[in-house]
Amino acid sequence: MKKTFHLSMLVLLFVSPQKDQVWTANIDQIRHAARIIPGKAPLRINVLKFAESRRTKNFSVKGAPNEPSVQARTVFQLVYADGYVMVDSGMDQQVHNFFGRGVVEPYDAESAKQVERAVRGARAILVTHEHGDHVAGVIHTPFASELASKTILTRDQVQTLLTNPQMPEIKLTPEAAGRYNVVDYEKYLPFGPGVVLIKAPGHTPGSQMIYVVLASGKEYLLIGDTAWHMDGVRNVKGKDAPWIQEDENALMAQLNWLNGLYKTEKNLFIIASHDDEQRTDLIKRGILGNKLE
Ligand SMILES: [Zn+2]
Ligand SMILES: [Zn+2]
């Protein structure tokens, strides 16, 4: 009787879905995927900060000191010779206020206007994940229907936005969801010349990283909110923010992978969306442009 039980357990183990495996990725496969769509690679990447949240560093990096820290709210622009792709879409002031939780935090209306102009002028819009500070600019905006047809959302992102949005302003109805380009992929999705989407659920179910190789050969990995500050990657430390629910195991696997790349790949710039110190440093070094075109 006992033996039968064990055998059936064994069968269950063999058929357990791939989902239970720890997250991993392979940079060589990603580099290969970046070259399979013909065309000229992007020329440069720009960043623009349009708002800030003030949170002490211990929230962004577990075990960090309780010292003041700025979380920059940003968008990125991948500039090709004949057009550009936006990575993340900004948010209006109403959604920004949600993050302040009663505290008024800096919101630069002029920069936010530039973000709005940029998403409207983009050939395509990608989002790193389905949180309001990244996706509201293509949902909670008077231009939503115009933007939807050139916005690429993943099935997992749409699922969260339909059933469990971070705030009511970004909830999608099934009808609205139908206007976006919805994609699904297993691990990597070649998006265009030099650009690959990397599935990375953890911070949210729909999180993805975006790999970019420029025509110059410089490589970038836009990691969204996998880490809020690069110290999370450098020290392999997760966040300590009780108001978000993350898949801790997946996230630690991602931080480990990123830490390995950080130490060995000197031509690859790993970029965390909200790290204001890193943003300032990379602009100063000419790795990122400090404007939207
Ligand atoms: Zn987030
Ligand atoms: Zn964020």
Can you give the translational diffusion coefficient of the range 169-264 in µm²/s, computed by Stokes-Einstein from the Kirkwood radius over Cα pairs at 37 °C and 0.692 mPa s? 218
Inter-label distance for GLU175 and LEU214, nm, one decimal - labels placed 7 Å from Cα along Cα-to-Cβ: 4.5
Can you list the residues, at least 5 places off or on another chain, whose amide H is less than 5 Å from the amide H of ALA227, using H built in the peptide plane? none
To the nearest 0.05, the calculated FRET efficiency linking ASP82 and ARG54 through their beta-carbon distance, R0 being 30 Å, is 0.15
In debye to the nearest 20, how big a dipole does the chain give about its Cα centre with +1 on each Lys and Arg Cβ and -1 on each Asp and Glu Cβ? 640
What dipole magnitude, in Debye to the nearest 20, does the range 176-293 give about its Cα centre under +1 on Lys/Arg Cβ and -1 on Asp/Glu Cβ? 380
FRET efficiency for ARG31 and ARG234, using Cβ-Cβ distance with R0 set to 25 Å, rounded to 0.05: 0.65
For the residue pair GLU146 and ARG285, what label-to-label distance in nm results when each label sits 7 Å from Cα along the Cα-to-beta-carbon direction? 3.8
Only Cα pairs within less than 10 Å get springs; with that Gaussian network setup on the chain, which residue of VAL183, VAL236, VAL158 has the largest fluctuation? VAL183
Full-extension gain in nm, GLN21 to LYS40, via 0.36 nm per residue minus C-alpha separation: 3.3 nm
Which of ASP108, ASP88, ASP156 fluctuates most in a GNM of the chain (C-alpha springs under 10 Å)? That residue is ASP108
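Each value in this text was obtained by applying a stated rule to the coordinates, not by laboratory testing. Remember, it's a predicted structure, so these values are computed and weren't measured experimentally. FYI the Cβ positions are ideal-geometry reconstructions off the backbone, even for glycines, and counts take in every protein chain you see.
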